[in-house]
Amino acid sequence: MLFIKRIKPGIAAVTAVVVLMLFSIPAKALDSYAETAKNSDAVTIDIRDADIRDILTSLSVAVKKSIIYTEEPVRLSFSVTGVSPIKAFELLAFSANLSYIEQDNIILVGKDGTINANFYTMLPITKFDLSYISAVEISEQVDRLAIPVKKITMDSAQKRIWVQGSPHALAKMRELVYVLDRPENIDPAPPQEPEPLLSLSPIELKYVPAELINGLIAQLGIPCRTVLVETNPKTIWVDGDVKALSDIGSLIKSVDIAENQVVEEPEEPEAKIEIEAKKLRNITTNRLIPLISGIDIPVKVISIDSSGYNLWMRGTREDINIINDLINRLDASHSRDDVNFFIYTLTNIRASDAAAKLDFIGIENVSAFLLNYPQFSKELLISCPSDRINDVKHVLQKLDVPGERIKVIVDYSDSPSGTIRLEKRRDLIVALTGIPKDRFTVTGNVTRDAGTQHFVLWVEETPENVALIREVVESIDNPLSNLN
């Protein structure tokens, strides 16, 4: 796996590792620090005016990886105490304003442009021995599929090809060789007529396995050749003419949809589908079903007589319990013919805040029902007498106004890279809430203690949105908590 890391200047992390020592150690003493790194989880280094190559050589022993420096040598001073070897290396790269690329046991250090230009010199060269087709045929397919590798073929070795590329590209190359290097693809000798060039095209599926599509192609009799790879069950390789590929494309468009997704070996048994009957007391099914049809709960509600009081619910036990609770609240004694229901969509405040305010005002015979995730939703289900609908809407319009903006701290980080971490969290909060990005500010290091870091994220927003942001932060830290 390839990791590219860039340490940006401006992060106040260097002050956290400056060591006050009464003496300095010359570059020739670096080997003693490498020995310390072998025997301990932490290293201490204090070097004055040393060649950066000597420092990197010592650190390569500590981190147990080969470090290659691609720039002109420079001399610098460097001090750390009680940190891990890899942390010492990262701090050295930061202090010298360098980037690095890490792959396997090699670390390439230098300026951005230099290490990217020299990256290919680090990639391994891999040999592929073929059994049935030639290296030229494999090379042509690599070009058709645009696999990012460099290739070497030789006239004297027609069944062998050498390639150089990243691990991901080499994995794609192995898959291609597995698909094409088969007995059925060997050139017959000599053919009566020139056979068309083998042209396998990979088709990536999203929801259904390639085995299902392959079976449907056979049932429909589409004239083509297909190849499946066990290690990649969502890819089917197809060789066929334009019409066959068009027919397969139409087939996949109709079949490879979310409704047909195959769940493989679930960790828990699939929830059992149940059917439960219910008898209403006050509200009829023709008034109830339109109200709950738009609610995102996977329960099918069926009535035999739309003007009656009997209905059926079909779904899992958990979902039936949720919809049953909502129906019980709607089927209250005040759900008589002169009571109406409507959904009100808010603009500025959340459904939970609007319901609380409406309840505080206490309008007679008016009830607000919260739907799923009321701390994020902006929809309220209202029941009230028919002659009060306009009055209730007018009250909700007056309640649905943005509050005065306040400045509040909503998140923090004690990591040396706290600025970057908080910026990533801020971007996620903006995506989830729709609150403008310019309302947020990430501070620099505001710790009061030397040798530590403390960064904060603050926002200038209404109290309602501040509460929303804090709930989103909590859900980021605890994504599996029950938000219902």
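The values are calculated or read from the model by the stated rules, or taken from the named source; none is laboratory data. These figures come from a predicted structure and were not determined experimentally. Neighbour counts run over all protein chains shown; Cβ positions are idealised from the backbone, glycine included.
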Just one of R426, R421 is farther than 26 Å from D353 by Cα and part of a helix (DSSP H, G or I); which is it?
-> R421
For the range 169-183, name all the residues that are in contact (Cβ under 8 Å) with a residue 12 or more places away in the chain and under 26 Å from the mean Cα position of the chain (by Cα).
-> A169, L170, K172, E175
In the range 381-413, the residues that are crowded, with 16+ Cβ neighbours inside 10 Å, charged (D, E, K, R) and modelled with pLDDT of 85 or more | D411
All but one of (1) among the hydroxyl-bearing types (S, T, Y); (2) in contact with a Gly (Cβ under 9 Å, 6 or more places away or on another chain); (3) within 30 Å of L288 (Cα to Cα) hold for T419, so report the exception by its number.
-> (3)
Is it the case that the range 456-478 has a residue that's surrounded by 13 or more Cβ atoms within 10 Å (Cβ to Cβ), out of contact with any His (no Cβ under 8 Å at 6 or more places or on another chain) and among the aromatic types (F, W, Y)?
-> yes
Of the residues E276, E318, which single one is more than 20 Å from S367 (Cα to Cα) and either modelled with pLDDT of 75 or more or hydroxyl-bearing (S, T, Y) (or both)?
-> E318
Please work out which residue is nearest to S79 (Cα to Cα), limiting yourself to the range 454-477 and to residues that are out of contact with any Ser or Thr (no Cβ under 6 Å at 6 or more places or on another chain) and outside any helix (DSSP H, G or I).
-> L457
Where residues in the range 384-414 are under 30 Å from D449 (Cβ atoms) and of a type in the set (A, V, I, L, M), which of them is farthest from the chain's Cα centre (by Cα)?
-> I406
Residue tally, condition crowded, with 17+ Cβ neighbours inside 10 Å and at pLDDT below 80, over the range 329-350 | 7
